[in-house]
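What follows is one structure encoded as structure tokens, with my remarks underneath.
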Amino acid sequence: MILAPSLLSADFLHLEQEIEKINASEADWLHLDVMDGVFVPNISMGFPVMRHVAKTSVKPLDTHLMIVDPQKFITQFRDIGVQSLSVHYEACNNLHRTLVQIKEAGMKAGVVLNPHSPVELLADILEEADIVLLMSVDPGFSGQKFIPHAYDKVRRLRKMIDQNGLNTLIEVDGGMNLERGKLMVEAGADVLVAGNAIFKADDPIEMIKQLKLL
């Protein structure tokens, strides 16, 4: 199981120290949430902050774009060192072209589904996606209420991937903790994104170690 701590839940006043905790841990990736205040009702970090994050992090940067027109910024994310770039199905007029452009730029390409979007929407695009990120909360803010229907979505997506003989990774983001994470892994998830469970823990490095044992 791949674990990707979400930097959105970190203390931004001491961002370098927070990233160093992740560097010293067993986490696999560092998850970045990029919001524009249009696609979701929040604004997170821009390129100046992400450049510093990229310089500090020794973990691969797994980046989730919650923005309109994500195709406009593909090369900029590549240039700062992002390894995987995921865009929303709901935000792309031409999802196939966008995923191809991400891969041509040398990054892994991911597609994200909001809680209300069924996994069956991806039937004709699944083979182009290296990652499918399923939101188990409404996107835009950390610490939101977990939506249990996500378990069933993971199971259905796992079946679609296996039936087509694909290597697409299933990533889940939202409300992850030890209990829910275990159930998600059992349902078929490959990657867990955890924010508050890690950064609000008394010992974030120990919490990461426990999550990695799921």
I'd like the full set of residues that are in a loop (DSSP other than H, G, I, E, B) and farther than 13 Å from residue 205 by Cα, limited to the stretch 11-35.
11, 29
Taking the stretch 19-41 and keeping residues surrounded by fewer than 20 Cβ atoms within 10 Å (Cβ to Cβ) and either closer than 16 Å to residue 58 by Cβ or among the basic types (Lys, Arg) (or both) leaves 20, 21, 23, 24, 26, 28
Looking at (1) in a helix (DSSP H, G or I); (2) crowded, with 16+ Cβ neighbours inside 10 Å, which one does residue 189 not meet, given that it meets all the others?
(1)
Cβ-Cβ under 6 Å, sequence separation 6+ or interchain: first residue in the stretch 61-87 and modelled with pLDDT of 95 or more, partner of a type in the set (S, T, N, Q) and not in a strand (DSSP E or B). Which pairs?
61/83; 71/98; 74/101; 87/98
Residue, farthest from residue 21 (Cα to Cα), within the stretch 202-214, restricted to residues that are within 20 Å of the chain's Cα centre (by Cα) and not basic (Lys, Arg):
214
Which one is surrounded by the fewest Cβ atoms within 10 Å (Cβ to Cβ) among residues in the stretch 169-182 that are out of contact with any strand residue (DSSP E or B) (no Cβ under 6 Å at 6 or more places or on another chain) and over 17 Å from residue 114 (Cα atoms)?
179
Against the condition surrounded by 14 or more Cβ atoms within 10 Å (Cβ to Cβ) and either at pLDDT 95 or above or touching a helix residue (DSSP H, G or I) at 6+ places or on another chain (Cβ under 7 Å) (or both), how does residue 13 come out, does it pass?
no
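The values are calculated or read from the model by the stated rules, or taken from the named source; none is laboratory data. No experiment lies behind these values; they were computed from the predicted model shown. Here Cβ is always computed from backbone atoms with ideal geometry, including for glycine, and neighbour counts include all displayed protein chains.
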